Amino acid sequence: MGFLQDNLIPIFKKRELTFKESYKESDNVHTFVFEKEKDITWKAGQYGLFGITHKKIKNATKPFSLASAPSENVIKISTIIREKPSEFKKALLELQQGMKVNMSGPLGPFYLKDNSRTLLIAGGIGITPFRSILKQVEAEGTEVGNRIHLLYLDSQKSHLFKNEIDGIADNTSMSITYLDSSDELHSELDKFIALNKDNGKYYVAGPKAMVGSITTYLQNKKVSKRNITKDSFFGYS
Ligand SMILES: Cc1cc2nc3c(=O)[nH]c(=O)nc-3n(C[C@H](O)[C@H](O)[C@H](O)COP(=O)(O)OP(=O)(O)OC[C@H]3O[C@@H](n4cnc5c(N)ncnc54)[C@H](O)[C@@H]3O)c2cc1C
């Protein structure tokens, strides 16, 4: 799938989504659930551009990974909402059942593309596209699971979606390592690189700075750029 197909053409596919409900996943992470119209689909791992429509705000459109899989019957996004949220996040919190938001997309090349040994690397909120990917692997019941390992770094140790992800690991042959420090992450990366050399595929998602530093680490260990797919959540400092 090319650049146009993943990035440009879908931008013009704008649709309305109907809000169903929201709930807290943890102290400061909220999930927002929208109805999934029959004609919408996406590749697990992709994101949408979500637009607030019920009031006028600055920066009314922001990208969010679709945390639900195409095999699920809803569209979900999960996001951090701290003490002084942006206008955008305040507006998300105001949504009531039946209200609408816009979504353009689905967008981006962040989805599994082949059957290589694959290392998924999530930093904090960067777990959202992987929830979708893993749910889809589970739904398809494919053998792809045994080629997938998830490294999930969360320095707060709250590890969002842990129960669900553990459930997926039980139902498939994928494996997970939960981490809470960069040192641990580096040692796990070293192990995977030693086993797979430059034949593995690496998917990295999370706040921009974290994705940048992991990518640099991988490249310093001679992993080629072409084997690294990134989802940089710019917008988080
Ligand atoms: C492809 C892509 C996918 C994305 N997917 C997701 C996703 O699934 N989930 C998601 O949450 N975001 C995702 N993002 C980022 C998202 O678009 C927003 O940029 C991000 O959530 C920040 O939102 P906000 O600017 O509305 O502000 P807020 O979260 O309200 O924060 C505004 C600013 O203040 C800082 N800030 C807020 N509170 C504190 C605090 N207590 N201490 C220190 N700093 C603070 C933030 O870091 C940020 O710089 C994605 C981005 C991209 C490009």
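The values are calculated or read from the model by the stated rules, or taken from the named source; none is laboratory data. Since the structure is predicted, the reported quantities are computational estimates derived from the model, not experimental observations. All Cβ positions, even for glycine, are placed from backbone atoms using ideal geometry, and neighbour counts span all protein chains on display.
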Restricting to segment 131-163, name every residue that is at pLDDT below 95 and within 20 Å of Val29 (Cα to Cα). Ser155, Gln156, Lys157, Ser158
Considering each of Gly45, Gly51, Gly124 in turn, give the residue that is in contact (Cβ under 8 Å) with a residue 24 or more places away in the chain, in the same structural domain as Glu164 (by TED's automatic domain parsing) and either closer than 30 Å to Glu184 by Cβ or away from the ligand (no atom under 11 Å from the Cβ) (or both). Gly124
Could you figure out which of (1) within 16 Å of the ligand (Cβ to nearest atom); (2) touching a strand residue (DSSP E or B) at 6+ places or on another chain (Cβ under 8 Å) isn't true of Phe234? (2)
Picking from Leu218, Leu160, Leu150, Leu185, which residue would you name as being among the aliphatic types (A, V, I, L, M), assigned to a loop (DSSP other than H, G, I, E, B) and surrounded by 17 or more Cβ atoms within 10 Å (Cβ to Cβ)? Leu160
Looking at segment 91-104, I want the residues that are farther than 14 Å from Ile75 by Cα and in the same structural domain as Ala60 (by TED's automatic domain parsing) and have a partner that is β-branched (Val, Ile, Thr) and modelled with pLDDT of 95 or more with Cβ atoms under 6 Å, at least 6 apart or on another chain. Which pairs are those? Ala91/Ile52; Ala91/Ile57
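Every residue, every condition in (1) of a type in the set (S, T, N, Q); (2) under 20 Å from Tyr23 (Cα atoms); (3) within 7 Å of the ligand (Cβ to nearest atom); (4) surrounded by fewer than 20 Cβ atoms within 10 Å (Cβ to Cβ), yes or no:
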| residue | (1), (2), (3), (4) |
| --- | --- |
| Lys56 | no, no, no, yes |
| Phe64 | no, yes, yes, no |
| Ala67 | no, yes, yes, no |
| Ile75 | no, yes, no, no |
